[in-house]
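Here's the structure we're looking at; comments come further down.
The values are calculated or read from the model by the stated rules, or taken from the named source; none is laboratory data. Values in this document were obtained by computation on a predicted structure and should not be read as measured data. Cβ placement follows ideal geometry from the backbone for every residue including glycine, while neighbour counts extend to all protein chains displayed. Just so you know, the surface numbers come from the protein's heavy atoms only, side chains and all, with ligands and any DNA or RNA stripped out. Shrake-Rupley method; radii C 1.70, N 1.55, O 1.52, S 1.80 Å.
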Amino acid sequence: MAELATQVTGPLKGVRVLDMTSVVFGAYATQMLGDLGADVIKVEFPGGRRGGGGDIMRWAGHAPEGAPDDLGPIFMTINRNKRSILLDLREESAAEALRRLIKTSDVFAVSVRYEGLKRLGLDYETVKALKPDIVYVHGAGYGAAGPYAGEPAYDDLIQSASGMADILPRTDGDPIPRLLPTLVADKVSGHFMAQAVLAALFHHQRTGEGQFVEVPMLECITTFVLAEHMYGHVYDPPTGPWGYPRVANPQRKPFPTKDGHIGLLPYTDQQWDQFFAAAGLGETFGQDPRFSDYKTRGKYIRELYALVDEVTPSKTTDEWLAILKPLSIPAVRMNRLDELMDDPHLAAVGLFERHEHPQAGAYHNMRPPVNYAATPANIRRHPPRMGEHTDEILAELAAEREAAE
């Protein structure tokens, strides 16, 4: 059973992040900041007549029998290293507590729509008046300068609007648009948001100046999709199609072996020659003009991958790995989701940790994956119950006020 770290060792030690994000986009970003040592205070709001309340992701999925319902599985994976304070901003005492928290914070991270923030008195200018050097980072669905500004946005909508839902139709010929079965728009936008916070903090460290930073999901994900899939349309007039052909290829997949599947990608001319020689097709491959060099292979990439798909079932996964690895041909055993925790590499680096939550019991966590030699990230807090640290944080504010008087 893994133990929580007792000391902050990350580079954001001493930085306070006031976190008014929720669901996945912002919560994923602020967890990364917490892993890096920031004191992340998650502001949550009580529920209405139907109960619930707090971050809606608390209620997605099922906690173990006998555990609190507000610790759903996705919430558990993106909300460690945070303290939770429950504030009903309709009450003046709660609004005042939030204002005092703003004055003690270095970063205000928020994913509420901006018009709603104005109604709450939490727009940038109002917050800046309380803390002039605040780094104010707004996670939005769409940039404020465009006609979609202020509209609601979720992963499904952003995948649909960014062109991402058009990738699979261009790959397999089925014209029905489809969403990728992962919250990729939320999570990638979360990385953009964490990057934005760090860049603004770096500017603050150098100049003492805070700033307003907008992180719009649609713009972030469109740039993410088109990094490779703008392809021939980078130039005007276009020199080729939309979509990178090697990637938008129905044959690009783990290849079947006698006993499973293998991830496989010979890349250089020599590696392709060596692979097909090992498969017993060296002479045939070497004489085929479609595969003579990198550029020509790119024109016939579907046919090339189809040929790989024909030959890989001739050997077991272990047999292929024993042949390919000494040749430095990139290859890896494919894992199913339920095999990941047994992967020898992931086990050796300790990616998965088993923790004991004081209310929810045993659960699996993934340690911060990036390794810092001087300022390591770590896990110091379990995902919090809703409002778990309200009294603690309010007491800190009272002590700070008393010390200042």
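What distance in nm separates the two pseudo spin-label positions at residue 202 and residue 299, each 7 Å out from Cα along the beta-carbon direction?
Those two pseudo-labels are separated by 4.3 nm.
Taking springs between alpha-carbon atoms closer than 10 angstrom, which of 392, 228, 91 fluctuates most in the Gaussian network model of the chain?
Result: 91 has the largest fluctuation of those listed.
Could you give the distance between the Cα centres of the range 168-218 and the range 227-288, to the whole Å?
Measuring centre to centre over Cα atoms gives 29 Å.
From the Cα trace of the range 150-279, what convex hull volume per residue do you get, rounded to a whole Å³?
212
Shape call for the chain from the C-alpha gyration tensor, a ≥ b ≥ c root eigenvalues: rounded (a/c under 1.5), prolate (a/b greater than b/c) or oblate?
On the way: a/c = 2.38, a/b = 1.80, b/c = 1.33.
Cα axes put the chain in the prolate bin.
On a 0 to 90° scale, report how tilted helix 390-404 is relative to the longest principal axis of the chain, with both axes built from alpha carbons and the result rounded to the nearest 10.
Rounded to the nearest ten degrees, it is 60.
What's the Kirkwood radius of the range 263-385 in Å, using all Cα pairs?
On the way: mean 1/r = 0.0553 Å⁻¹.
Evaluated over the range 263-385, this radius sits at 18.1 Å.
Using a cut-off of 15 Å between beta-carbons, work out the net charge of the residues near residue 378 (Lys and Arg +1, Asp and Glu -1, residue 378 not included).
Numbers: positive: 13, 80, 82, 367, 380, 381; negative: 3, 35, 39, 353.
Around residue 378, the charge tally is +2.
How would 259, 106 line up by accessible area, probe 1.4 Å, largest first?
On the way: 259 95, 106 45 Å².
Greatest to least solvent exposure: 259, 106.
Going by accessible area, probe 1.4 Å, with all protein chains left in place, what is the ranking of 136, 300, largest first?
Details: 136 0, 300 80 Å².
In descending accessible area the options line up as 300, 136.
Taking every eigenvalue of the Cα gyration tensor of the range 185-230, multiplying by 5 and rooting it, what semi-axes result, largest first, whole Å?
The answer is 25, 10, 8 Å, longest axis first.
Among 361, 26, 37, which one moves the most in a GNM of the chain with springs linking Cα atoms closer than 10 Å?
361
Please state the shape class of the range 53-194: rounded when a/c is under 1.5, otherwise prolate if a/b exceeds b/c and oblate if not, all from the C-alpha gyration tensor. If you can, show how the numbers build up before the last one.
Working: a/c = 2.54, a/b = 1.41, b/c = 1.80.
Since a/c reaches 1.5 but b/c is at least a/b, the shape of the range 53-194 is classed as oblate.
Have a look at the DSSP beta bridges in the chain and tell me what percent are antiparallel, nearest 5.
Numbers: 13 of 36 bridges.
For the chain, the DSSP antiparallel bridge percentage is about 35.
Could you compute how much accessible surface residue 401 exposes when probed at 1.4 Å, giving the result in Å² to the nearest 10?
Residue 401 has an accessible surface of roughly 110 Å² with all protein chains in place.
With all protein chains present and a 1.4 Å probe, how do 24, 349 order by accessible area, largest first?
Working: 24 5, 349 60 Å².
Putting 24, 349 in descending order of accessible area: 349, 24.
With +1 on each Lys and Arg Cβ and -1 on each Asp and Glu Cβ, how big is the dipole of the chain about its Cα centre, in debye rounded to the nearest 20? List each step's numbers first, then the result.
Values: 41 positive and 54 negative charges, 64 e Å.
Around 300 debye, computed over the chain.
Could you give the distance between the Cα centres of the range 40-116 and the range 121-140, to the whole Å?
For the range 40-116 versus the range 121-140, the Cα centre distance is 19 Å.
Give the calculated FRET efficiency between residue 398 and residue 345 to the nearest 0.05, with a Förster radius of 51 Å applied to their Cβ-Cβ distance.
So, using R0 = 51 Å, E works out to roughly 0.55.
In a GNM of the chain with a 10 Å cut-off on Cα contacts, which of 380, 206, 246 has the highest mean-square fluctuation?
206
By its C-alpha gyration tensor, with a ≥ b ≥ c as the square roots of the eigenvalues, how is the range 1-129 shaped: rounded for a/c under 1.5, else prolate for a/b larger than b/c, else oblate?
Numbers: a/c = 1.98, a/b = 1.15, b/c = 1.72.
Because a/c hits 1.5 or more and a/b fails to exceed b/c, the range 1-129 counts as oblate.
Can you find, among 11, 257, 337, the residue sitting farthest towards the positive end of the charge dipole of the chain, where Lys and Arg contribute +1 and Asp and Glu -1 at Cβ?
Result: 11, furthest along the dipole toward the positive end.
Any chance you could run the full-extension gain for residue 145 through residue 125? It's 0.36 nm times the residue separation minus the Cα-Cα distance, nm to one decimal. Mind dumping the intermediate values first?
Details: separation 20, 0.36 × 20 = 7.20 nm, distance 1.77 nm.
Length difference between fully extended and current span is 5.4 nm.
Quick one: how many Å² of residue 126 are accessible to a 1.4 Å probe, rounded to 10?
60
With angles folded into 0 to 90 degrees, how steeply does helix 92-103 sit against the dominant principal axis of the chain? Use alpha carbons for both and round to 10.
Helix 92-103 sits roughly 60 degrees off the main axis of the chain.
Per the helix-only calculation at 222 nm, which mean residue ellipticity applies to the chain, given -39500 (n - 2.57) for every DSSP H run of n ≥ 4 and division by its residues, nearest 500 deg cm²/dmol? Each step should come with its number before you reach the end.
Working: 16 runs with 152 residues, N = 405.
Computed ellipticity for the chain at 222 nm equals -11000 deg cm²/dmol.
Using label points projected 7 Å from each Cα along Cα→Cβ, tell me how many nm separate residue 235 and residue 334, to one decimal.
The modelled label-to-label distance comes out at 3.6 nm.
Debye calculation, C-alpha points only, no solvent: report log10 I(q)/I(0) for the range 223-266 at q = 0.18 Å⁻¹, in the same order as the q values.
Once normalised to I(0) and log-transformed, intensities are -0.63.
Modelling each spin label as a point 7 Å along the Cα-to-Cβ direction, I'd like the residue 356/residue 160 distance in nm, to one decimal.
For the pair residue 356/residue 160, the computed spacing is 4.7 nm.
Taking the 0 to 90 degree range and rounding to the nearest ten, how far is the long axis of helix 25-35 tilted relative to the main principal axis of the chain, both from C-alpha atoms?
Orientation of helix 25-35: about 80 degrees from the principal axis.
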